[in-house]
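Here's the structure, in structure tokens; my notes come after.
The values are calculated or read from the model by the stated rules, or taken from the named source; none is laboratory data. All values reported here derive from a predicted model rather than from experimental measurement. All Cβ positions, glycine included, derive from the backbone under ideal geometry; neighbour counts span all protein chains shown. Surface areas here come from the heavy atoms of the whole protein model, side chains and all, with no ligands, DNA or RNA. Shrake-Rupley method; radii C 1.70, N 1.55, O 1.52, S 1.80 Å.
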Amino acid sequence: MSGGFSQQDANGRLRHLITLDGVPRALIEELLDRAQSHVTPAGALPPRGDDLAGWTVANLFAEPSTRTRASFELAAVRLGADTINLDVMLSSRAKGESIIDTIYTLQEMQVNVFVIRDAEPGIHEYVARHVGPGVSVISGGEAHLSHPTQGLLDALTIRQCKGGFDGLVVTLVGDIRRSRVARSAHRALSTLGVAEIRIVAPPVMMPEPAEFAGARRFGSLDEGIAGADVVMMLRIQQERATGAGATDLVAYHQDYGLTPARIERAAPEAIVMHPGPMNRGVEITSDVADGPRSMIRRQVANGVAVRMAVLAHVAAARGRAP
Ligand code: CP
């Protein structure tokens, strides 16, 4: 956050959620507890509530999305909100309208929450600084920098599977340098007290030394995965590549792909995660992605619960009943 701007209100509640940086552990745990209350057993009807009754939530996605966009919409609807899904590339922004004019236009239609995904760093804070006093901004993904609800749903999935965070070894593998998922996972898990976070990547996908404070760095997947309790695989963000040529996917899979043989080097009860979308046969084989250690589908289910929790929290912070 830049000078003078805070996503939290005077009471420490989230008016906006743009980043997990600076969000205290107690507040993250509160959001995870609230999300857990929205998790229902397989086969049960999805939970519903009226926390957002009368509110309108607008999804403004300027980058592709399946999971985040659909789950924010379901979360909002299940809490009683009206929703708008604006495909930004098909909106009047394609005719030159500025994002602020788009925001002001939708504000006049009484939108209360903007969920924004955008490739431009800083756009979420910029919008949050310009919205009206009763309006919130939630990030659905900001460039390579931040994906806070993904970080929360990853933490929730780990907590469900491991019972907590004490003593865990968590290994993040792949295109860490360009991954907002990795940055938000690192932030969430550091705040929650994970003992050891490892990042594994080829040199070209390794982040700058100043980033990922405290994480152990590995160039070898076999070494970085050894004894890990959680292995989180990441997609190559080819769409964010600048200058360098395309990655040799066959060689990448050879060195960094998660296979049944490789996962055996992790802890005996290790789980496998992936935020999606997956490139099967590149960073992960289908036998692992669909195997018994995989929590990838559970992550998707938890995504709805986490987004319900965040929307309900923001609504409560704005004066609606919790
Ligand atoms: N994990 C994630 O952000 O997926 P989508 O791009 O499909 O939203």
Filtering region 141-163 down to residues that are buried (at least 24 other Cβ atoms within 10 Å of the Cβ) and charged (D, E, K, R), which residue is nearest to the ligand (Cβ to nearest atom)?
Asp154
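Yes/no matrix, rows are residues, columns are (1) modelled with pLDDT of 95 or more; (2) within 17 Å of the chain's Cα centre (by Cα); (3) farther than 23 Å from Gly151 by Cα:
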site: Arg13; (1), (2), (3): yes, no, no
site: Ala53; (1), (2), (3): yes, no, yes
site: Val57; (1), (2), (3): yes, no, no
site: Leu60; (1), (2), (3): yes, yes, no
site: Ser65; (1), (2), (3): yes, yes, no
site: Ile84; (1), (2), (3): yes, no, yes
site: Val111; (1), (2), (3): yes, no, yes
Does Asn11 fit the bill of being touching a strand residue (DSSP E or B) at 6+ places or on another chain (Cβ under 7 Å) and either among the polar types (S, T, N, Q) or within 16 Å of the ligand (Cβ to nearest atom) (or both)?
no
Conditions first: (1) within 16 Å of the chain's Cα centre (by Cα); (2) open to solvent by 50 Å² or more (accessible area, probe 1.4 Å); (3) more than 16 Å from the ligand (Cβ to nearest atom). Val137 passes all but one, so which condition is the exception?
(2)
Checking the condition of a type outside the set (D, E, K, R) and away from the ligand (no atom under 16 Å from the Cβ), which residue from Leu60, Leu31 passes?
Leu31
Could you please find all residues in region 242-285 being within 16 Å of the ligand (Cβ to nearest atom) and among the charged types (D, E, K, R)?
Arg280, Glu283
Inside region 164-180, can you point out the residues that are touching a helix residue (DSSP H, G or I) at 6+ places or on another chain (Cβ under 6 Å) and open to solvent by 20 Å² or more (accessible area, probe 1.4 Å)?
Arg177, Arg178
From the list Gly174, Gly167, Gly151, which residue is under 30 Å from Leu258 (Cα atoms) and over 20 Å from the mean Cα position of the chain (by Cα)?
Gly167
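What residue, among those in region 121-134 that are more than 21 Å from the chain's Cα centre (by Cα) and among the small types (Gly, Ala, Ser), is most open to solvent (accessible area, probe 1.4 Å)?
Within region 121-134, the first condition is being more than 21 Å from the chain's Cα centre (by Cα), and the residues that meet it are 129-134.
Subset that is among the small types (Gly, Ala, Ser): 132, 134.
Details: Gly132: 16, Gly134: 36 Å².
Out of the qualifying residues, it is Gly134.
Please enumerate the residues belonging to region 39-72 that are under 28 Å from Leu106 (Cα atoms) and small (Gly, Ala, Ser).
Initial filter on region 39-72 (under 28 Å from Leu106 (Cα atoms)): 48-72.
Gly49, Ala53, Gly54, Ala58, Ala62, Ser65, Ala70, Ser71, listed by residue number.
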Within region 1-27, the residues that are within 18 Å of Gly122 (Cα to Cα) and of a type outside the set (A, V, I, L, M) are Ser2, Gly3, Gly4, Phe5, Ser6, Gln7, Gln8, Arg15, His16, Thr19, Asp21, Gly22
Test Gln254 against the stated conditions and say whether it is of a type outside the set (Phe, Trp, Tyr) and farther than 17 Å from Met278 by Cβ.
yes
Six or more apart or on different chains, Cβ under 9 Å: which pairs go from a residue in region 121-133 that's part of a loop (DSSP other than H, G, I, E, B) to one that's surrounded by fewer than 20 Cβ atoms within 10 Å (Cβ to Cβ) and not hydroxyl-bearing (Ser, Thr, Tyr)? Could you list them?
Pro121/Ala143; Pro121/Leu145; Gly122/Ala143; Gly122/Leu145; Val131/Gln107; Gly132/Gln107
